[in-house]
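Comments concern the structure below.
Taken together, the values in this text are just the output of simple stated rules run on the coordinates, not laboratory data. Bear in mind that the values here come from a model prediction, so they are computed numbers and not experimental data. Here the Cβ positions follow ideal geometry from the backbone for every residue, glycine too, while neighbour counts run over all protein chains shown.
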Amino acid sequence: MGKVRNNHLRDNVYQNLPGKKLINRKILLAMIPLSDRTIFNMEKRGDFPRRIVLTSRNVAWDLAEVENWIESRKQSSDRAHRPGVAPNFR
């Protein structure tokens, strides 16, 4: 119970901090139902917000950038295409 309470307190304090809010991989994957590899490939192509390297073994993403990406996907009328498959223009 102590750990849950500490996380809850930390989250409440964090939400009230001004400036950028960062999310870790676990939270990102809960928000975006894609695999690590898909997200990595999208980042390389410039189709997804870039990760921020915090340490040699820890990365994070800017929450506002991820939320903006989600909104842009909602507003987009583009259809997803599969790599290597030519679009069907009839």
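For Lys44, Lys21, Lys26, what ranking results if the residue with the fewest other Cβ atoms within 10 Å of its Cβ goes first? Please list the in-between numbers first.
Numbers: Lys44 10, Lys21 15, Lys26 7.
Ordered by Cβ neighbours within 10 Å, fewest first: Lys26, Lys44, Lys21.
Treating the stretch 16-74 as a set of equal point scatterers at the Cα positions, no solvent, please give the Debye-formula log₁₀ I(q)/I(0) at q = 0.14, 0.21, 0.22, 0.29 Å⁻¹.
Values, matching the q order: -0.37, -0.84, -0.93, -1.49.
Can you compute the charge dipole magnitude of the stretch 16-74 about its Cα centre, using +1 on each Lys and Arg Cβ and -1 on each Asp and Glu Cβ, nothing else charged? Give it in debye, rounded to the nearest 20.
Details: 12 positive and 7 negative charges, 41 e Å.
Using Cβ point charges on Lys, Arg, Asp and Glu, the stretch 16-74 gives about 200 debye.
Whole-Hz ³J(HN,Hα) for each residue in the stretch 49-64, computed from phi via Karplus 6.51 cos²θ - 1.76 cosθ + 1.60 with θ = phi - 60°, x for glycine and proline: what do you get?
x, 6, 6, 10, 7, 8, 9, 5, 10, 9, 10, 8, 10, 6, 4, 4
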